[in-house]
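The values are calculated or read from the model by the stated rules, or taken from the named source; none is laboratory data. Note that the coordinates shown come from a computational prediction; the quantities given were computed from them, not determined experimentally. Backbone-built Cβ (ideal geometry, glycine too); neighbour counts: all protein chains shown. Surface areas here come from the heavy atoms of the whole protein model, side chains and all, with no ligands, DNA or RNA. Shrake-Rupley method; radii C 1.70, N 1.55, O 1.52, S 1.80 Å.
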Amino acid sequence: MIFLAEPNLTGNERKYLNECIDTTFVSSVGAFVNRFEEEVAQIACADYGTATSSGTTGLHMALKACGVERDELVCIPSFTFIATANAVMHCGAQPWLIDISEESWTMNPEVLEQELFEKTVIREGKVYHKVTGKRVAAIMPVYTLGMPADMNNIKNIADKYHIPVIADAAAAIGATYRGKNLGMFADATVFSFNGNKTVTCGGGGAIVSNNKELIERAKHLATTARCGVDYDHDMVGYNYRMTNVQAAIGCAQLERVQQFVDRKRYVRDYYKAHLQDIEGVSFFPEVEWADSACWFSGIVLSNKYDVREICNELKVQEIEARTFWKPVHLQKPYKEMEKSEMLIADDIWWRILTLPCSTTITEEQLEYVVSTVKKLLM
Ligand SMILES: *Cc1c(COP(=O)(O)O)cnc(C)c1O
């Protein structure tokens, strides 16, 4: 079977894991955790970083550190992995779902602005949703498939309304926005290091920011809000810190981050070069203002094809291909949430077919995938 996205563990992963065991530092204190935090911040060109147990807990802590409270609203794109919305709910807040733009599949700034303009009022410098009376506490764009959102426009809107921006950059490590690394475009930027991401810790996450207090708040909350060395806690905290074992794998992975991202981009280019002549096939977005980290690659099919059926047929040929995110507004727990029109999200999601794109994929395997896909579609 050629898998969709399997981890590449052929570097120093085993050596660093052995160091954890030999030194007995397997838990949430250890040299690898500190090193991992520094390196993630450095790669993202941010001044500070803190590591968490997952991307989801990283998002949760970033939202809390930015002041999101119970019964507030957070604007997120509906076309995202469910964890973006879940992290908002874990704060006791609710997502306000915004459509994506066709150009990038990321939060559409025009729709965001229109929604805020029509549906909110400003009282004492705070933004309130007119119908529910809930405060709009944050905007959280998602870097879909590793593609940065339209941050200049989103940031302009956020600044106008004085709302903080948290970037769900879960799969975007290694991407650039207007030629720069990602750390500086939001108040906080969150990465995931889950097993299927380009860089993995097995599971894990990180928050980076240029705001030292914000990172300290997030870290404090994620480590049981403990003050000093005694059992003294000043808030209801969480046990969300990354362990040294996770970070050991992560440190080995970060040594090869550029190599991994280059390979992901190569896979994107390969599929594009070899499948573009098929009628009814198009590709994932590329924009001039950002360079995607190409977490996943694949194709978009016209509505004459049934993506599910093609997945099943590929599976018989030992190729793992999959459908992609069903938008949040169509998910059972989120059907009643505040939302914009969903013209693009509704049209796109069910036509996406992700294809094998591990960094370990061989030329032979790529050739096999392409020839098999061609046979099925032509
Ligand atoms: C993977 C992912 C997450 C969740 O990260 P976990 O580490 O699995 O908790 C959140 N948002 C997006 C956009 C993702 O792709």
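Largest accessible area first, the residues VAL236, VAL370, VAL111 order themselves as VAL236, VAL111, VAL370 under a 1.4 Å probe with ligands, DNA and RNA left out. Bridgeable aspartates and glutamates around LYS335 (alpha carbons under 19 Å apart, same-chain partners fewer than 8 residues away excluded): ASP71, GLU72, ASP99, GLU115, ASP346, ASP347. The chymotrypsin sites (Phe, Trp or Tyr not before Pro) of segment 211-264 that DSSP puts in a loop, and whose beta carbon has at most 15 other beta carbons within 10 Å, are TYR231.
Assuming R0 = 35 Å, what is the FRET efficiency of PHE283 and MET89, from their Cβ-Cβ distance, to the nearest 0.05? So, using R0 = 35 Å, E works out to roughly 0.60.
So, for segment 276-378, what is the accessible surface per residue at a probe of 1.4 Å, expressed in square angstrom?
On a per-residue basis, 51 Å².
Computed with a 1.4 Å probe over protein heavy atoms only, the accessible area of LYS15 comes to about 110 Å². GLU318 exposes around 110 Å² of accessible area when a 1.4 Å probe is run over every protein chain in place.
Report the local net charge at THR120: Lys and Arg +1, Asp and Glu -1, summed over other residues whose C-beta lies under 12 Å from its C-beta. Net charge in that neighbourhood comes out at +3. How much net charge surrounds HIS162 when only the other residues with a Cβ under 13 Å from the Cβ of HIS162 are counted, with Lys and Arg +1 and Asp and Glu -1? With Lys, Arg at +1 and Asp, Glu at -1, the neighbours total +2.
When only Cα pairs below 8 angstrom with a gap of at least 6 residues are kept, the chain shows a relative contact order of 25 percent.
Length available on full extension from THR23 to GLN331: 0.36 nm per residue minus the Cα-Cα distance, which gives 106.4 nm. Taking GLU336, GLU72, GLU255 as the candidate residues, the one with maximal mean-square fluctuation in a Gaussian network model of the chain, Cα springs under 10 Å, is GLU336.
Taking every protein chain into account, the accessible area of segment 121-271 amounts to 40 square angstrom per residue (probe 1.4 Å).
Compared with the alpha-carbon gap, the fully stretched path from VAL236 to SER302 is longer by 18.8 nm at 0.36 nm per residue. Extension gain, LYS272 to GLU124, is 48.2 nm, computed as 0.36 nm per intervening residue step minus the present C-alpha separation.
Take every Cα pair under 8 Å whose residues are at least 6 apart in sequence, average their separation, divide by the length of segment 165-294, and the relative contact order is 26 percent. Look at where the Cα atoms of segment 292-368 and of segment 206-225 average out, and the two centres are 34 Å apart. In terms of distances greater than 32 angstrom between alpha carbons, the cross-link table entries LYS160/LYS197; LYS180/LYS375; LYS180/LYS304; LYS155/LYS219 yield LYS160/LYS197; LYS180/LYS375; LYS180/LYS304.
Accessible surface area normalised per residue over segment 57-110 is 28 Å², counting heavy atoms of protein chains with a 1.4 Å rolling probe.
Please report the equivalent ellipsoid semi-axes of the chain, computed as sqrt(5 x eigenvalue) of the Cα gyration tensor, largest first, in whole Å.
Taking √(5λ) for each Cα gyration eigenvalue gives 33, 29, 16 Å.
Run down the lysines and flag those whose C-alpha is under 16 Å from the C-alpha of LYS130, throwing out any fewer than 8 positions away in its chain. Within the straight-line limit of under 16 Å, LYS130 reaches these lysines: LYS119, LYS339. Protection proxy ranking of 293-306, 178-191, by the mean of other Cβ atoms within 10 Å over each peptide's residues and highest first, is 178-191, 293-306. Placing a pseudo-label 7 Å from each Cα along the Cα-to-Cβ vector at GLU255 and ASP71 gives an inter-label distance of 5.3 nm.
Residues GLU341, GLU13 ordered from highest to lowest accessible area at a 1.4 Å probe: GLU341, GLU13.
For ILE43, the accessible surface of its heavy atoms amounts to roughly 50 Å² (probe 1.4 Å, protein chains only, rounded to the nearest 10). With K and R counted +1 and D and E -1, the other residues having a Cβ less than 10 Å from that of ASN8 yield a net charge of 0. Within the accessible area of the chain, the carbon and sulfur atoms contribute 49%, probe 1.4 Å, all protein chains present.
Per-residue ellipticity at 222 nm computed for the chain from its helices equals -11000 deg cm²/dmol, with DSSP H segments shorter than 4 residues left out and the rest contributing -39,500 (n - 2.57).
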